[in-house]
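Values quoted throughout were computed directly from the atomic coordinates according to the rules given, and no laboratory measurement underlies them. These figures come from a predicted structure and were not determined experimentally. Cβ coordinates were reconstructed from backbone atoms using ideal geometry, including for glycine residues, and neighbour counts include every protein chain displayed.
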Amino acid sequence: MTEQPPSPGPGFGPPPPQFPPAQPAYAPVPPPHAPVQPPYGQPPYGQVPPQPAPAGPEFLAIDKRNAVVVDASGVAFEMSGLTIEFQWPEVRSVHYRASPDGKALMVAVVHVDGRFYECVVEAKPRTRLQEWFPQLAWVLGHYRPMG
């Protein structure tokens, strides 16, 4: 007579019916009402794709290290690789003048909270400075007609 191994005790075998098997943590089952993915090339609902800046006049003064850009979005300074941008709603005023030696354009932005930022761009040749003044005045007048 051969002996049968004893039957496994509780804890071995299928779980009792009141405890259904848990879903594995690494493969969740999506709910039946999961949102449908948008077709390729369209952003998901609620996300707005970046819009190009509206067309308008632009001003750019640039030298080896610094740059000033004035366009439809606001004023941007780049100084030795660092960029700071001011959107028009946060700009109280923009001021500009020639440097004391007449070799550079000095542009200042006064923020609505009173802070003051300045960027200096060298004009080489010096005659370029005289070209920048009317261009900058016209672009600033377009976006900020009252100042």
Cβ-based net charge around Ser93, under 15 Å, with every Lys or Arg adding one and every Asp or Glu removing one
+1
When a footprinting reagent is the concern and you count Cβ atoms within 10 Å, what order do Trp88, Trp138, Trp132 take, fewest first?
Trp138, Trp88, Trp132
